[in-house]
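First comes the structure, then the notes that go with it.
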Amino acid sequence: MENFYKPYFDPDYESLIERIHPPRVCIDNDACQDCTLVKVDSANKHGILLEMVQVLTDLELVISKSYISSDGGWLMDVFHVTDQLGNKLTDESLILYIQQALCASRKQGISKELQARLGREMNPRHVLTEHTAFEITGTDRPGLMSEISAVLAELSCHVTAAVAWTHNSRVACIICLEDELKGGPIRDPERLAHVEEQLENVVEARHKSGERRSVRLTAPVAGRTHTDRRLHQLMFADKDYERCCGGCDGSSDRIQVSIENCKEKGYSVVNVKSRDRPKLLFDTVCTLTDMQYVVFHAAVSSKGSIAVQEYFIRQMDGCTLGTESERNRVAQCLIAAIERRVSHGLRLDIRIKNRLGLLSDITRVFRENGLSIRMAEIGIHGERASGSFYVTDVSGRDVSPNTVELIRKEIGGTIMAVNKSSILPSLRASPSRDRSTASRVENRPRFSLGSLWSQIERFSSNFGPIGM
């Protein structure tokens with residue numbers, strides 16, 4: 001392991017520098033013909049790159065290129081972005097929102113007035129703290145989500161939001177609850193302990209001796225954690241990366257990671273090549289940040305359907321990745337982070353009237369029809385519930401159209417079979433793309449709960465309800 005000098009910075013001094021020299025954000029629509037440049041100059045701190053990428057990702061913007069430099073306590077980052085149809089950002093309210101969100105005012109939040117001007121409410125994807133939240137990790141199996149939601153329904157716990165990822169036979173899930181009888185969070189310590197115990201019994205069922213599993217009550221905290229980031233953290237803690245075919249020159253399903261040390265500059269150079277897709281940059285930067293690595297320089301670009309990422313990193317203590325085992329571990333973790341959001345199976349978008357035990361009913365129908373949930377996200381919006389489920393049969397094969405029709409009849413509401421793909425497609429439009437195709441993409445519901453409801457409503461108004 002090689003050490004390099006790292007000066008000490010007093011935290012109070014860093015905040016003083018931030019106040020004297022607040023971040024500057026420039027939105028440039030003139031420099032490039034086919035994209036908008038988002039330029040950020042700011043005092044550097046650990047995690048600030050992830051915060052910026054998170055803001056752009058939550059807005060569902062496509063980052064086609066990025067150049068990052070942050071030596072000397074100051075960062076200068078440039079992001080090439082478009083909307084999901086490949087258009088420049090021209091909405092003045094959206095531009096103002098990005099400027100406020102990326103500047104120091106991000107600590108104060110975005111005003112309701114600006115959100116109203118933007119035409120939609122922008123709620124960052126944070127783990128809800130106004131409800132009771134449980135985090136669950138363990139071995140994935142068919143019907144697990146159905147068993148969990150059935151137990152919660154029996155315990156008079158109403159699910160207000162849930163999100164689940166599966167990867168390498170492991171599952172990570174965050175479930176937000178409220179008291180079915182009294183409303184609001186469950187406050188009785190004895191009842192909370194009973195709910196936790198019953199969930200543990202479900203997760204531990206059919207577990208082999210020595211297998212990892214966890215059910216944890218999440219206490220509300222002032223600094224809320226981004227949902228996707230928390231799922232990455234849960235999967236990482238559960239060591240889902242151990243089965244990834246990594247290594248310094250490893251590859252896994254078109255994912256290639258190589259790591260070498262640049263002794264002249266004192267960096268470890270990480271190169272990642274994979275299929276391009278939405279939120280790829282967020283997943284990579286999130287993993288490096290939570291593994292306590294600092295990104296000093298980076299260049300990210302896409303060539304057709306392939307994304308190429310290069311990072312110059314060090315550990316927090318200024319050291320490079322000095323051992324082969326450490327480089328292998330980083331490669332495995334990056335491969336796992338990219339794979340987690342790769343969605344196998346058929347995507348079903350559901351919009352239905354909210355009712356008690358709804359998630360239990362939906363997942364029971366899936367289980368009775370021989371379906372396994374690969375990824376899920378559902379939330380409550382007033383009197384309506386909407387969500388997305390990626391499903392296969394229990395053997396991992398495609399779902400038949402007849403099964404989809406049976407599910408529509410049993411669940412009711414509006415159910416749309418959106419796509420069947422082994423990877424979430426990038427929605428970056430090319431100039432030659434047929435406009436009718438782009439229109440269909442625009443009306444297609446997206447995986448983010450923040451926009452799913454409005455997108456389904458737009459689809460229904462244009463084409464009429466499906467599966468009522």
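Every number in this text was worked out from the coordinates using simple rules, so none of it is lab data. Keep in mind that what you see is a predicted model, and the values were worked out from it rather than measured. Positions of Cβ are backbone-derived with ideal geometry, glycine not excepted, and every protein chain shown enters the neighbour counts.
Between E154 and E196, what length comes free when the chain is fully extended (0.36 nm per residue of separation minus the Cα-Cα distance, one decimal in nm)? Provide the component values of the computation, followed by the final result.
On the way: separation 42, 0.36 × 42 = 15.12 nm, distance 1.34 nm.
Extra length available between E154 and E196 comes to 13.8 nm.
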Quick one: net charge around R340, please, counting Lys, Arg +1 and Asp, Glu -1 for every other residue with C-beta under 10 Å from its C-beta.
-2
Sites D398 and T323, calculated FRET efficiency, Cβ-Cβ separation with R0 30 Å, nearest 0.05
0.10
Provide the gained length on full extension for the span E60 to N29, in nm with one decimal, where the gain is 0.36 nm per separating residue minus the Cα-Cα distance.
9.3 nm
Given the pairs K239/K279; K39/K88; K65/K279, which span a C-alpha to C-alpha distance of over 18 angstrom in this model?
K239/K279
